[in-house]
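Every read-out reported here was derived from the displayed coordinates using simple, explicitly stated rules and does not represent laboratory data. Predicted, not measured: the structure shown is a model, and the values here were computed from it. Reconstructed Cβ throughout: ideal geometry from the backbone, glycine too, with neighbour counts over all protein chains shown.
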Amino acid sequence: MMPCARLRAPHTARSQCGFTLVELLVAVMIFSIGLLAMVGTASVILTTLAGSQARTIGASVAESRFERIRATACKDRASGSAVSRGIAETWTRAQLARADDVTVTVRFLTNHRLATQTFRSYVPC
């Protein structure tokens, strides 16, 4: 839009200065679409962060189980299951020549869905 003084001729009406109603409506619509896109993106980010937090806690529970198994004597190690911090964990032990093959499976609720993660490690005897 050009300044009003340059457009004005002696016979030009005063209503031609400034923005038209159509221009304002288009600007408001573009702004609204951009704002809605930002709100939608923020929602997706929050959902992703909540899922990441649950997976991190699940990995922490599995790591704790591996540490408890490492601290146990080889002859006393056994498979089992437990629930800690609202996360169900199941671990299995397969005896090898000089180590144990330990698999820990954790199940937890993330984004209103049940998720499962499996971790595997070799624990020396």
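The sole residue among Val22, Val123 that is surrounded by 11 or more Cβ atoms within 10 Å (Cβ to Cβ) and either touching a helix residue (DSSP H, G or I) at 6+ places or on another chain (Cβ under 7 Å) or among the β-branched types (Val, Ile, Thr) (or both) is Val123. Comparison of Val44, Val39, Val83, Val61 shows that the only residue that is without any contact (Cβ under 8 Å) to a residue 12 or more places away in the chain and touching a strand residue (DSSP E or B) at 6+ places or on another chain (Cβ under 8 Å) is Val83.
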